[in-house]
Structures are given as C-alpha cells and as structure tokens.
Amino acid sequence: MWLRTFGGSIAVTAVGLVGAYLYAGPAGVALAAILGVLELTLSFDNAVVNAAVLKAMNAFWQKLFLTAGIVIAVFGMRLAFPLLVVGVTASLSPTSAISLAMERGDPHTPGTYGFLLHQAHPAIAAFGGIFLLTLFCDFVFERREITWMSWVERPLARIGQLEQLSIAVSLFVIAVAALELAPEGRSTTVVVSGVFGLLTYVLVKALSARFDPEEHGGSLKLKVGRAALMSFLYLEVLDATFSFDGVVGAFAITSDPIIIAVGLGLIGATFVRSLTVFLVRRRTLDEYVYLEHGAHWAIGALAVLLLCTIKFEIPELVTGLIGIGFILLAFASSVVHNRRATPVRPRGGGSFDTART
C-alpha cells in the first residue's frame, strides 16, 4: 500500500531532480531537494486537514486530487501565482513578468523579481493569515465529543455558541494587523487583503455546505457530484493558502522560478498529496483521534505567524517546526489514549478487562 500511494511521488521526484540537473546542474538538484523538504515540513498539517475532508469523497475525487489537483498546485500556485503578484504589483505584462523572473536577480535588489514579490508580502500574508485564522476559529469554536487540550478547547467551544464569532474575531485581527503590523502606508492593503481572505473562506465554506448532503439531512456516506466538487475546490483553496509562506520563503533560498516550481510543486506538493491519500486509506485520523486537533492548532499557529511576518522576519524553519511539533504531540497523545482504551488480559488467564480511559 505504501508503494502504491507514494510510488507516483517518488517517480515525479526523480523526474523533477533530473530536470533540475539538466536546467541548473548539481546546484539545481540541491536547491530543488531543499525546497521539497521545506514544502513537506511546512505543509504536514495541511495534509492532515486535507485528509479530514478527502475521506468523505469517493475514489474518483481522490484520484482527481492527485492528478488535476497537482497541476493546479505546481503551475497555478508555485509558478503562475508569483508571476501574477509581481505583474500586478509592478504593473507589468505577463511576458515582462516572465522575463523579469528569468533574470535570476538578487531578491534584495530593488526592481528584481524576488524583491517585488517580497514587497507584496503584506498583502499575501494578510490574505492567507486571515483565511487560516478563520478556519482555525471555526474548528475550536465548535462543540465536539472528543477534545484534545480540554482545558482550552471546551471553554472555547462554549464561547463559540455566539453566532458568527469566527468572523468577528477575524475582523478584529484584521484591524489590529492594519494598525500595529502594517508597514507605513500599507494599512489599506492589509485591510483589503484580510477582508478578501475572510470573504474567500466564507464563500468556499458556504458553497461546500450548500451541496453537502449531510447538511440537508442526507445519509450519503461519500460526497458525490456538486458536493464533491465543492469540497475539491475547498481543498485547492486551502492548499493555495498554505503555499503562500512557502512560495515567499523560497526566495530566501533561490529566486529562480523554475527551481521553485520543481522543488515546492513537483516534489513537495506531490508528496503532501500522497501523504493526504495515505492518511485517508489507512484511516489514520480514525485511529489517532487527536491528529486533526493537532493539525488545526498548527494551522492557528501558522495563521498568527503569517500575520506577524507582515512586520517581522520569521524563519520558515520556525514555522515548520511549530507545525510538526503540534502534530507529533497530538500523535503521542493519541497513542496514549489508544493504550488506555485497549483491552488488557489479566495474567494467568481469565476474561479481558478494559483499561480506564
């Protein structure tokens, strides 16, 4: 099963590294490999959250997530998106933006591709940070039978009974970010981008719920048709939002858009998608009950860090380690929970007894 799930990712990685070698030699291979590891580190929590959505979709949509979805991830977010941002920011035509990108200038030099993308970072961070923050708030404000950090999750769930609290929190954070974090003269940019991030989340969530059979009293176990399509679009938007920090952070390693697309997209994003499918097929989220909680707390941390990068420089390594830390802690808690719930046979025979949870 492992080879069947990850075999495609391994093959794509091999092709990507060969392409990086032909394009930029040994240095290109090293940079692409580093970016692939960076993407996987930053997006591990993304894979867990994706798995929670993907497990309600049938095999067709899971395959589409691995095929058409990866095309969007590689050419849409890791290649076309930065070009679009630079084109809009600098008022350049698509061909001019591509020409600028291929110059491989120092990203610290004004007028270069990397510099212009860095200048657009406050808008990118505000959009992505608010999108992820609203997602996190929706999770922790919802009542659940199973809680991980009960001392904080249960009070938050009680507070979450207030209508539209997630939206109110996000709007408050947008105001704080504009007043305290935005560079001089960029407050309006932060506000507009943050509001668009919030609207995007609300719209995608509403469309997904609109076509979800469970929301209308249906009994379908797997989403099909329009419901599956909306969930697929939600996954793509979520993946795009997660990729923001990776795309911008990649310019600290290289400003070459081809190497970035190969490392973050072909290698990193492909493995993240395979990991998502692996979690679904192994029913890992059902077996390790706190993983989804850990992933959402990692998302909350990523949202805060992403917003803080509007003003402060935060290494991508810090972001990745915090996310992995939450996942590992949730996994360990799940293992302890499972051991306590496992039937234990008394020594010397006799009937099974269930350990107290």
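The values are calculated or read from the model by the stated rules, or taken from the named source; none is laboratory data. Bear in mind the structure is a predicted one, so any value in this text is a computation, not a measurement. Positions of Cβ are backbone-derived with ideal geometry, glycine not excepted, and every protein chain shown enters the neighbour counts. Protein only, heavy atoms only, side chains kept; ligands, DNA and RNA dropped before computing areas. Shrake-Rupley method; radii C 1.70, N 1.55, O 1.52, S 1.80 Å.
Structure values in brief
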read-out	value
Any hit, region 108-115, residues being touching a residue at least 60 places away in the same chain (Cβ under 8 Å), farther than 25 Å from Asn46 by Cβ and in contact with a helix residue (DSSP H, G or I) (Cβ under 9 Å, 6 or more places away or on another chain)	yes
Cβ pairs under 7 Å, 6+ apart, first in region 310-338 and under 26 Å from Gly36 (Cβ atoms) and in contact (Cβ under 8 Å) with a residue 24 or more places away in the chain, second surrounded by 13 or more Cβ atoms within 10 Å (Cβ to Cβ) and aromatic (Phe, Trp, Tyr)	Gly323/Phe44; Ile324/Phe44; Phe326/Trp297; Ile327/Phe44; Ala330/Trp148; Ala330/Tyr290; Phe331/Tyr288
Contacts under 8 angstrom Cβ, first residue in region 238-256 being at positive phi, partner at pLDDT below 75 and buried (at least 24 other Cβ atoms within 10 Å of the Cβ), 6 or more apart	none
Given (1) modelled with pLDDT of 85 or more; (2) of a type in the set (Val, Ile, Thr); (3) within 25 Å of the chain's Cα centre (by Cα); (4) over 30 Å from Ala330 (Cβ atoms), index of the condition Val85 fails	(1)
Count - residues of region 162-196 that are open to solvent by less than 70 Å² (accessible area, probe 1.4 Å), under 30 Å from Ile146 (Cβ atoms) and not β-branched (Val, Ile, Thr)	4
Residue selected from region 106-117 under the condition in a loop (DSSP other than H, G, I, E, B) and touching a Gly at 6+ places or on another chain (Cβ under 7 Å), by the criterion farthest from Val86 (Cα to Cα)	Pro107
Residue match in region 2-9 (condition: surrounded by 13 or more Cβ atoms within 10 Å (Cβ to Cβ), small (Gly, Ala, Ser), out of contact with any Leu (no Cβ under 9 Å at 6 or more places or on another chain) and assigned to a helix (DSSP H, G or I))	no
Number of positions in region 231-272 that are part of a helix (DSSP H, G or I) and within 16 Å of Leu38 (Cβ to Cβ)	27
Residues of region 118-161 classified as aliphatic (A, V, I, L, M), surrounded by fewer than 16 Cβ atoms within 10 Å (Cβ to Cβ) and in a loop (DSSP other than H, G, I, E, B), total	1
